[in-house]
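> Quick one: the structure is below, and I'll ask about it shortly.
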Amino acid sequence: MNFDCFRAYDIRGIYPTDLDEEAYYRIAQAYVYLFKPKTMVVGMDARISGPVLKQSLSEGFLDAGVDVIDIGEITTDMLYFAVGNYEYSGGIVVSASHNPKDYNGMKLVREKVAAISSDTGLFDIRDVVKAGKDREVSSATRGTRQDRNILNDYLEHVLKSVDRTTIKKFSFVGNANFGYVCRPVQRLVDDLGLTLLPLNFEPTAHFPKGRQTRCWRATEPRSRP
């Protein structure tokens, strides 16, 4: 595991050189070591390494006696909704956000959707793994795993903040950039009677038109024409 993958607000690196299945298993057990959750939510984005890494993450929790709610192929905000709405102990989405296709990572929250960042536990998880303390985690009983489809509840929550009677029918272009955001967007369009012109709406792990280069950072000089 490359410990430089632990950043200010998330974990991300190249799979499998920086982060692999063992890393995800150990991070799950380090989470248990620190925060003692009872039920964890897991989900993933469309990256090709997502399924195996989500499985390893889940196994880390299950072997530690923690129940796992797998909400499958999601957007990050759907994970936040699930943790808060159903009052679970915490959640992790397997995702590298805007990074190129050979990356993966994770974003982590605790109960009440409290973000885990470098100053609220993320570096503590790193240090637990560094010290091998995650290997001290054990349980006499294995946790249980359950699949849960949250899309209907999530969309109901989203629409609570909208006065549907004021929405005029209109057409718009929606670019899903080959991610799973296409699913809630399509459902909202159907429910509200809007006209969608879909762009890159088929989820694919290869991101053929995006996420191919590193994102510019404020700390890096920008080239000028």
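> Can you tell me how many residues in region 13-50 are in contact with a strand residue (DSSP E or B) (Cβ under 8 Å, 6 or more places away or on another chain) and farther than 27 Å from Glu87 by Cβ?
Residues that pass the stated criteria total 7.
> When only residues in region 66-86 that are over 12 Å from the mean Cα position of the chain (by Cα) and open to solvent by 30 Å² or more (accessible area, probe 1.4 Å) count, which is farthest from Tyr180 (Cα to Cα)?
Filtering first and then ranking leaves Asp67.
> So which of Ile116, Ile125 ends up being out of contact with any Lys or Arg (no Cβ under 8 Å at 6 or more places or on another chain), among the hydrophobic types (A, V, I, L, M, F, W, C) and surrounded by 14 or more Cβ atoms within 10 Å (Cβ to Cβ)?
It is Ile125.
> Still on this structure: I'd like the full set of residues that are among the charged types (D, E, K, R), in a strand (DSSP E or B) and out of contact with any Asp or Glu (no Cβ under 8 Å at 6 or more places or on another chain), limited to region 59-100.
Scanning region 59-100 gives a single hit, Asp67.
For every residue, the table says whether it meets (1) within 19 Å of Ile74 (Cβ to Cβ); (2) surrounded by 22 or more Cβ atoms within 10 Å (Cβ to Cβ).
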| position | (1), (2) |
| --- | --- |
| Glu22 | no, no |
| Tyr25 | no, no |
| Val32 | no, yes |
| Val42 | yes, yes |
| Arg47 | yes, yes |
| Gln55 | yes, no |
| Ser58 | yes, yes |
| Leu62 | no, no |
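> Restricting to region 10-20, and then to whatever is open to solvent by less than 10 Å² (accessible area, probe 1.4 Å) and part of a strand (DSSP E or B), can you tell me which residue is farthest from Leu151 (Cα to Cα)?
The extreme case among them is Gly13.
> Tally up the residues in region 129-147 that are surrounded by 14 or more Cβ atoms within 10 Å (Cβ to Cβ) and either within 27 Å of Pro203 (Cα to Cα) or hydroxyl-bearing (Ser, Thr, Tyr) (or both), please.
Of the residues in region 129-147, 1 are surrounded by 14 or more Cβ atoms within 10 Å (Cβ to Cβ) and either within 27 Å of Pro203 (Cα to Cα) or hydroxyl-bearing (Ser, Thr, Tyr) (or both).
> Could I ask something else about it? Consider only pairs whose beta carbons are under 6 Å apart and that are at least six residues apart or on different chains; among these, list those whose first residue lies in region 178-195 and is within 16 Å of Gly43 (Cα to Cα) and whose second residue is surrounded by fewer than 18 Cβ atoms within 10 Å (Cβ to Cβ) and not small (Gly, Ala, Ser).
Qualifying pairs under 6 Å: Tyr180/Glu73; Tyr180/Pro203.
> Another question about this same structure. How about region 21-58: which of its residues are part of a loop (DSSP other than H, G, I, E, B) and under 16 Å from the mean Cα position of the chain (by Cα)?
Asp45, Ala46, Arg47, Ile48, Ser49
The values are calculated or read from the model by the stated rules, or taken from the named source; none is laboratory data. Keep in mind that what you see is a predicted model, and the values were worked out from it rather than measured. Glycine also receives a Cβ, built like all others from the backbone with ideal geometry; neighbour counts cover every protein chain displayed. Please note that ligands, DNA and RNA were not included when accessible areas were found on the heavy atoms of the full protein model with its side chains. Shrake-Rupley method; radii C 1.70, N 1.55, O 1.52, S 1.80 Å.
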